[in-house]
Every structure is written in C-alpha cells, then in structure tokens.
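Here is the structure we will look at.
The values are calculated or read from the model by the stated rules, or taken from the named source; none is laboratory data. These numbers come from a predicted model, not from an experiment. Cβ atoms come from the backbone with ideal geometry, glycine included; neighbour counts cover every protein chain shown. Accessible surface is based on the protein model in full, side chains and every heavy atom, while ligands, DNA and RNA are left aside. Shrake-Rupley method; radii C 1.70, N 1.55, O 1.52, S 1.80 Å.
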Amino acid sequence: MSYDHAKVVQIGDHVLTAKQLRPTITDGFIFDEVINAYVDFSNVETEESSFITTFQAWKLATNNLGDERFKKIIADKCVQRHLVFVPMNINNNHWALLVLNFIKKEVQILNSLSEMRDESKEKALVQSIQTCIESSRNDGLVNLRV
C-alpha cells in the first residue's frame, strides 16, 4: 500500500515505482518499463542478440519511424545479430514477443494466448524494422556483411 510514485528499485536507467510494480502482483499486468528493466537485468543484449525497447516497438508498430537517427538505432540492433527480441502489446492488456531469428530466417511469435494475436501489428513491426535496415544501409549508416 505504498505511495504510487515511491521509487522501489532502479535497474540500469530504469526507475520502477510502486504504481508500475503493483499490477504485476494484483492483476498480472506488466508495465512496459518493467519489461525494459527485466531485459537490462537479464543481459539479453549481447553480440548475438538484441532487444528493441517497448517504446521503440510502439514507434515501429505505428510506423512512426522519425528521423534517420532512429532508423540507425533500430538497424544497429539488428545488423549482425542472430536474434532480435521485440515486445508487442496487444489490445493494451497482453504482451507477446516477436523474435527475429536471422539464423533460421524466420519470425517467431511467442504468445501465451495464441487466440489473442494481432497479425497486422506483427507485419507492421517486421516491415518497419526492414525499412530501418534498408534505409540505414542505403544511407551508408550500417554495413551488412555477406
């Protein structure tokens, strides 16, 4: 029963408050900042794998690609990686994970509620990521090894 804005923990650059953590316990919903903090804590980002933050994923899903700097950030997270993890919020009440598996050359959807899919969002994410990679490559901002 803490104050909503009371700082509970800081993980990396992520400050988690009571308001963000309480729903995890009471109704099972996880705030996006909690997901981002967990990724920092679990060291998902390596030379072989990368993670697109929940905010970046939202921008990609809404085709809000912005400037070349944002496109390069996304391209850098993808180029020369085996796996790229992209969180996806469905209907503002469920999280799924889109995984770009560059070794198998496939997109994998990890979703505990298979009946709750948003195929248009899945396609939009993949297309926007591809746009970022192609744009950054064409502008000479990233190099793709063959």
Problem set entry | Any pair with Cβ under 8 angstrom, 6 or more apart, that starts in segment 18-39 at a residue that is farther than 18 Å from I90 by Cβ and among the aromatic types (F, W, Y) and ends at one that is modelled with pLDDT of 65 or more and not in a helix (DSSP H, G or I) | Y38/I11
Seminar exercise, completed: Filter segment 1-17 for residues that are β-branched (V, I, T) and at pLDDT 70 or above; the one that is most open to solvent (accessible area, probe 1.4 Å) is V8
For this session: Can you tell me which residue within segment 33-53, out of those that are closer than 9 Å to P87 by Cα and open to solvent by 20 Å² or more (accessible area, probe 1.4 Å), is modelled with the lowest pLDDT?
Result: I35
Seminar exercise, completed: Only one of I90, I73 is of a type in the set (V, I, T) and closer than 22 Å to H14 by Cβ, namely I73
For this session: Find the helices (runs of 4 or more DSSP H) located wholly in segment 54-146 whose residues include 2 or more that are at pLDDT below 90 and crowded, with 16+ Cβ neighbours inside 10 Å, and list them.
Result: 119-138
